[in-house]
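The values are calculated or read from the model by the stated rules, or taken from the named source; none is laboratory data. Everything numeric in this text was worked out from a predicted model, so none of it was measured. Backbone-built Cβ (ideal geometry, glycine too); neighbour counts: all protein chains shown.
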Amino acid sequence: MELPLIARTRPQSGVRKMMELAWGRADVVHLEVGEPGFDTPDHVKEAAAKAARDGKTKYSPTPGLPELREVAAAKIRRVNGIDCETSQVLVTNGGANALFGIFGTVLGAGDSILLPNPGWSNFTMMTKAFGARPLYYDLAGGNGYLPDVDQLASLVDDTTRALLLNSPSNPLGTVLDRRKAEELFAFAEERDLWIVSDECYDQIDFSGRHVSIGSLEPKPERVISVFSFSKVYAMTGWRVGYAALPKRVVDPMLGLLQPSVMCVNTPAQYGALAALSGPQEYLDDWRETYRRNRDLVLSRIAGSRYSAMSPDGGFYVWLDISAFGERSEAFALRVLDQCNVAVTPGTAFGTNGEGYVRLSLATTREKLDIGLDRLLRA
Ligand SMILES: Cc1ncc(COP(=O)(O)O)c(C=O)c1O
């Protein structure tokens, strides 16, 4: 029996493709990975283990453990400056599940959404899963790798429902500052668009300039903000994220989470609770490590055939390889084969990634140094 067209034409993740090629090869320096090299802190593991030992192994409510929603709401108010109530916070299977639920809630078949190019490839996959259409806006050197409102205005039509923003950005490391956020908010307001703000790297901001766009409205009405434990707390495999939603979006979103995931792994939610309620100082140390790794990359590539802008947040460097005159995928395959360094081709993030590869800073200084030695010989 034939699968429906929507399933047969489903795009795949270019990021995972590279990871799969690199896995299992000996002596590869992995600069393609999108997850922290740090281990989840012991107090988080212990809280989850204790929850399991104490029999907290049943379903939780679909919106999440009440106590986790409460501390997440407090964090969103304190760190992100968004005035949301506990009832507006949903706990999800990572930021990915939150985004999937939101896309499925604000987009109908035939609708369109403004997506960044380059941007995380899952945004496109999610859009297509709901029969909607991506409208790509450029993040390019000419506009400081930030969204340009005039271009956004030229792309929207009467099918457009939402603007997806990602700050700090994967793969660029750019952040939306207050001025840019205000400009984008005014644009979305004028066109009556939802703003889906992916802030899964929110606390990895070296510049101190990242502004949560949701903080620009008195209460969440237009902006849906997504956060995650994965990158910030080194908990990628735990699968816990959370979102702050306008009140009228909560129930429709639960209508997707309930049939698809029922709830997030209960012991993992206790781990996440410990992550948010426990010490936070190590986040500063980790951020400092990423920043030092960033500076190491920038100083080592100075004067070489590579160039890069300095990322303000996240843990990636968007490396310009255009001087090699090779397509980015061919370059990535060549350095994997010849030099045993895995990087992600820029085209895994969209057409504007041609001429770039993404390097991850989420590794040790030693590995980064070896990886750079090899790349500089490429
Ligand atoms: C931009 C961006 N958003 C969201 C996610 C989702 O991460 P998770 O589902 O682990 O929270 C990722 C993961 O790579 C990402 O890069």
Only one of 96, 109 is aliphatic (A, V, I, L, M) and assigned to a helix (DSSP H, G or I), namely 96
From 32, 20, 2, grab the single residue that is of a type in the set (D, E, K, R) and within 15 Å of the ligand (Cβ to nearest atom).
32
Residue within segment 281-301 that is out of contact with any His (no Cβ under 6 Å at 6 or more places or on another chain) and assigned to a loop (DSSP other than H, G, I, E, B) present
no
Counting only residues that are surrounded by fewer than 24 Cβ atoms within 10 Å (Cβ to Cβ) and within 16 Å of the ligand (Cβ to nearest atom), which one in segment 70-93 is nearest to the chain's Cα centre (by Cα)?
93
If only one of 313, 355, 325 is touching an Asp or Glu at 6+ places or on another chain (Cβ under 7 Å) and without any contact (Cβ under 8 Å) to a residue 40 or more places away in the chain, which one is it?
355
Which pairs do you get when a residue that is of a type in the set (Phe, Trp, Tyr), found in segment 218-237, comes within reach of a residue that is at pLDDT below 95 and within 13 Å of the ligand (Cβ to nearest atom), reach meaning Cβ atoms under 9 angstrom, with the pair 6+ apart or on two chains?
233/36
Among the residues of segment 309-322, which ones are surrounded by fewer than 18 Cβ atoms within 10 Å (Cβ to Cβ) and either within 16 Å of residue 352 (Cα to Cα) or among the acidic types (Asp, Glu) (or both)?
309, 322
Yes/no for residue 255 being farther than 20 Å from residue 81 by Cβ, within 16 Å of the ligand (Cβ to nearest atom), assigned to a helix (DSSP H, G or I) and not assigned by TED's automatic domain parsing to the domain that holds residue 317:
no
Residues satisfying the stated conditions in segment 98-111, i.e. within 17 Å of residue 223 (Cα to Cα) and out of contact with any Pro (no Cβ under 6 Å at 6 or more places or on another chain)
98, 99, 100, 101, 102, 103, 104, 106, 107
Unique match (being surrounded by 15 or more Cβ atoms within 10 Å (Cβ to Cβ), under 15 Å from residue 120 (Cβ atoms) and among the hydrophobic types (A, V, I, L, M, F, W, C)) among 146, 152, 164
164
Being surrounded by fewer than 24 Cβ atoms within 10 Å (Cβ to Cβ), within 23 Å of residue 36 (Cα to Cα) and of a type in the set (A, V, I, L, M, F, W, C) narrows 232, 240 down to just 232
Could you tell me whether any residue of segment 129-148 is modelled with pLDDT of 95 or more, of a type in the set (S, T, N, Q) and farther than 13 Å from residue 115 by Cα?
no
How many residues of segment 117-132 are among the aromatic types (Phe, Trp, Tyr) and either free of Cβ contacts under 8 Å to residues at least 40 places away in the same chain or outside any loop (DSSP other than H, G, I, E, B) (or both)? The answer is 2
Test: residue in segment 199-208 that is more than 16 Å from the ligand (Cβ to nearest atom), of a type in the set (Gly, Ala, Ser), closer than 19 Å to residue 143 by Cβ and touching a residue at least 60 places away in the same chain (Cβ under 8 Å)
yes
So which residues in segment 53-78 are assigned to a helix (DSSP H, G or I) and out of contact with any Gly (no Cβ under 9 Å at 6 or more places or on another chain), if there are any at all?
53, 66, 67, 68, 69, 70, 71, 73, 74, 75, 77, 78
State which residue is farthest from residue 122 (Cα to Cα) when the search covers only segment 15-37 and only residues that are among the charged types (D, E, K, R) and assigned to a loop (DSSP other than H, G, I, E, B).
27
Hits in segment 141-181 - residues which are of a type outside the set (Gly, Ala, Ser), in contact with a strand residue (DSSP E or B) (Cβ under 7 Å, 6 or more places away or on another chain) and within 16 Å of the ligand (Cβ to nearest atom):
147, 163, 164, 165, 166, 168, 170, 171, 172, 175, 176
What is the one condition in (1) within 17 Å of residue 229 (Cβ to Cβ); (2) part of a strand (DSSP E or B) that residue 114 does not satisfy?
(1)
Yes or no: segment 191-201 includes at least one residue that is in the same structural domain as residue 123 (by TED's automatic domain parsing), surrounded by fewer than 19 Cβ atoms within 10 Å (Cβ to Cβ), closer than 25 Å to residue 127 by Cβ and of a type outside the set (A, V, I, L, M, F, W, C).
yes
